[in-house]
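The values are calculated or read from the model by the stated rules, or taken from the named source; none is laboratory data. Keep in mind the model is a prediction, meaning the values are calculated, not measured. No Cβ is skipped: glycine too gets one built from the backbone with ideal geometry, and neighbour counts run over all protein chains shown. Remember, those area values only see protein heavy atoms, side chains included, never the ligands or the DNA or RNA. Shrake-Rupley method; radii C 1.70, N 1.55, O 1.52, S 1.80 Å.
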Amino acid sequence: MTSTTYVSPWMSEETQIFRRTVRRFIEKGLAPHQARWGEQGRPDREAWTEAGKTGLLLADVPEEYGGGGGNFAHEAVVVEELARTGLHFGFGIQSIVAHYILAYGSEEHKHRWLPRMARGELVGAIGMTEPDSGSDLQAIRTTARKEGDYYVIDGSKTFITNGGHANLLCLAVRTDATAPGPKALSLLILETQGLKGYRVGRSLRKIGRHAQETCELFFEGVHVPVASRLGPGEGRGLFQMLDQLSYERLSIALGAVVTAEQAIEITTRHVKERKVHGKPLLDLQNTRFQLAQCKTETHIGRVFVDNCIQQLIAGRLDTVTASMAKYWLTECECRVVDACVQLHGGYGYMEEYPIARMWADSRVERIYAGSNEVMKEIIGWSL
Ligand SMILES: Cc1cc2nc3c(=O)[nH]c(=O)nc-3n(C[C@H](O)[C@H](O)[C@H](O)COP(=O)(O)OP(=O)(O)OC[C@H]3O[C@@H](n4cnc5c(N)ncnc54)[C@H](O)[C@@H]3O)c2cc1C
């Protein structure tokens, strides 16, 4: 839902066909399970392998590594269709982990992990945040000490999406206890199945996104081969994260626009049907003005995010622009969804109404993947 004549410039006939496949799978294969997954706090494991069979996973990873062979337009279609249905089950993290491997892994890494990720046999998680270091990644304390051909990992992570059922972890660790913050961090890839000293802690209870698992992770003397480090040397982790976060931030920005578009659509339906003082709610000038403002802001957001998508496809999306998109579009999403809750009256506060779920699900977008305050810092540095 956006301006009636507007079509995203990155869409093509081919991505339109892909969209139909993705939509059909989501509607039949995922959406019917959403409520149950919310209760159990995670998706069924089979959801990943089914998504893999349908081509939803790693749509923008080259075919030689088992991916769909598309570009970010294909990934964007999947992000949009999931957001359209309000499905949040940690899907985006799979793509993010794959892109770390694609960008910094060796050929051996790519052939070992990406095809299994594309099939959904390996489910990815990314471990950056710790109890004492979220925004400040340089304060990461989890250590990886070199012992011969192995790193020995000690420490803990928190708020890790997919943490409990993931079996491939991209982990940010301190490989140098003495180097200054930016040069002390590295990224390791861990296959966690049966890994000694690795433990999944509590599944954390959240105010929204109930089907998306969020866990604590613990490491006590965990041994992983030095060869599982991403990149040719130690101390590149922070730069790798800062670089790859643009991809994650754009996906979040895109999901935010779609959520705002959906919120306007369902609210427009509601205010046409709901009567106050014997007339549809839409007849009140305030209702029209509220929705006009929401629609205008969301359309501006749509044009901006589409431009960012084109930039990413062309290999030109810079960190500052991705930060602007993540910051502004998630703020826009929350403003729009909140206004739509208000227009629903008491029904907007009832869990059974999609707008209420959108409200609870969208709030976190301003916090994670770098809080919006951190985004403004990044934008500010460019001035
Ligand atoms: C549902 C959920 C899923 C998540 N999934 C993952 C995951 O899969 N992997 C992972 O590693 N992490 C994950 N996170 C963690 C997330 O990225 C962090 O919560 C986020 O980066 C903020 O860190 P923090 O919670 O430690 O807050 P803090 O860093 O303590 O921030 C607190 C407040 O201070 C502000 N602040 C911090 N620095 C600055 C600054 N320089 N200038 C101005 N204000 C500032 C912040 O904006 C915030 O408002 C997830 C979090 C949630 C809630």
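Quick notes on this structure:
- Within the range 67-96, the residues that satisfy the criterion of being away from the ligand (no atom under 16 Å from the Cβ) and either free of Cβ contacts under 8 Å to residues at least 40 places away in the same chain or not in a helix (DSSP H, G or I) (or both) are Gly67, Gly68, Gly69, Gly70, Asn71.
- Pairs, first more than 13 Å from Ala83 (Cβ to Cβ) in the range 257-283, second among the charged types (D, E, K, R), C-beta under 7 Å, six or more apart: Ile264/Lys295; Pro280/Lys272; Pro280/Arg274; Leu281/Arg274; Leu282/Lys272; Leu282/Arg288
Conditions tested, residue by residue: (1) part of a loop (DSSP other than H, G, I, E, B); (2) polar (S, T, N, Q); (3) surrounded by 22 or more Cβ atoms within 10 Å (Cβ to Cβ).
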residue: Leu169; (1), (2), (3): no, no, yes
residue: Val173; (1), (2), (3): no, no, yes
residue: Pro182; (1), (2), (3): no, no, no
residue: Leu188; (1), (2), (3): no, no, yes
residue: Gly194; (1), (2), (3): yes, no, no
residue: Val224; (1), (2), (3): no, no, yes
residue: Gly231; (1), (2), (3): yes, no, no
residue: Gln244; (1), (2), (3): no, yes, no
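- Here Lys326 fulfils each of the conditions (1) over 21 Å from Leu250 (Cα atoms); (2) in contact (Cβ under 8 Å) with a residue 60 or more places away in the chain; (3) surrounded by 18 or more Cβ atoms within 10 Å (Cβ to Cβ); (4) not acidic (Asp, Glu) apart from (1).
- Condition check for Arg209 on (1) in a loop (DSSP other than H, G, I, E, B); (2) away from the ligand (no atom under 16 Å from the Cβ); (3) under 30 Å from His344 (Cβ atoms): one failure, at (2).
- Sole residue being of a type outside the set (S, T, N, Q) and crowded, with 20+ Cβ neighbours inside 10 Å, chosen from Gly346, Gly380, Gly301: Gly301
- In the range 22-51, the residues that are free of Cβ contacts under 8 Å to residues at least 40 places away in the same chain reach residues that are charged (D, E, K, R) and open to solvent by less than 30 Å² (accessible area, probe 1.4 Å) with C-beta atoms within less than 9 angstrom, at least six apart or across chains, in these pairs: Phe25/Glu81.
- Lone unmet requirement of (1) at pLDDT below 95; (2) within 16 Å of the ligand (Cβ to nearest atom) for Glu351: (2)
- Residue in the range 299-320 that is on the phi < 0 side of the Ramachandran plot, among the β-branched types (Val, Ile, Thr), out of contact with any helix residue (DSSP H, G or I) (no Cβ under 9 Å at 6 or more places or on another chain) and modelled with pLDDT of 95 or more present: yes
- Residues (surrounded by 14 or more Cβ atoms within 10 Å (Cβ to Cβ), away from the ligand (no atom under 13 Å from the Cβ) and not polar (S, T, N, Q)) located in the range 142-164: Ala144, Arg145, Tyr150, Tyr151, Val152, Ile153, Asp154
- Subset of the range 54-66 [in contact with a Gly (Cβ under 6 Å, 6 or more places away or on another chain) and in a helix (DSSP H, G or I)]: Glu63
- Subset tally (residues that are small (Gly, Ala, Ser), open to solvent by less than 10 Å² (accessible area, probe 1.4 Å) and under 28 Å from Gly38 (Cβ atoms)) for the range 119-141: 4
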